[in-house]
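Please treat every number below as a calculation from the coordinates, not as lab data. Just so it is clear, the model here is predicted, and its values are computed rather than measured. Reconstructed Cβ throughout: ideal geometry from the backbone, glycine too, with neighbour counts over all protein chains shown.
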Amino acid sequence: MVFENDVNDTNNSGLHNVDVFAKEMANSDGTNIDINNNQTKREFISAKPNRTTEGYVEDAEHPLAISFEDEKTIKTYTRGDFYAGQIRRYTLVSWLEGQDRDSTGKKGTPVGATLKLGVEITAYENE
């Protein structure tokens, strides 16, 4: 989840702009339906809505997460018109879900798992 805040925004339109991301479900049968009535492997952000004959349908109370860009990149943001003295704050929230099976088939906390997180910021000055 990425919160973007423009603390210089006087009308508060930029406060708490949030995007929630999730990797698409690999083993999904494609029964999630997005707001445009298309089948998708995107995951619901929280609880699924009630199932319809078409599947689980996205609505304002049950949004779908944004898919990752690729296997190594969640999202690339490009922001222009950034003026001297402006402050833009980003808050990154990450959570892990799931269980791993040990050699006996018993579910438990993943053993030996690793996670690598990184943020890269590049800025250019135009005159």
(request) Tell me which residues come under 5 Å, amide H to amide H, from N32 once H is placed; ignore anything under 5 positions away on its chain. (result) T40, Y56
(request) In nm, give the distance between the simple-model label positions of K41 and K106, each being 7 Å from the Cα along the Cα-to-Cβ direction. (result) 3.3 nm
(request) Would you kindly calculate the mean projected area, averaged across all directions, of the convex hull enclosing the Cα atoms of region 56-101, in square nanometres? (result) 6.6 nm²
(message) Less than 15 Å Cβ to Cβ from V119, Lys/Arg counted +1 and Asp/Glu -1: what total charge do the surrounding residues give?
(response) +2
(request) Can you figure out the FRET efficiency of V7 with T114, using R₀ = 41 Å and their beta-carbon distance, to the nearest 0.05? (result) 0.75
(request) Using Cα positions and a limit of under 16 Å, work out the lysines in reach of K23, with same-chain residues fewer than 8 apart set aside. (result) K41, K72, K75, K116
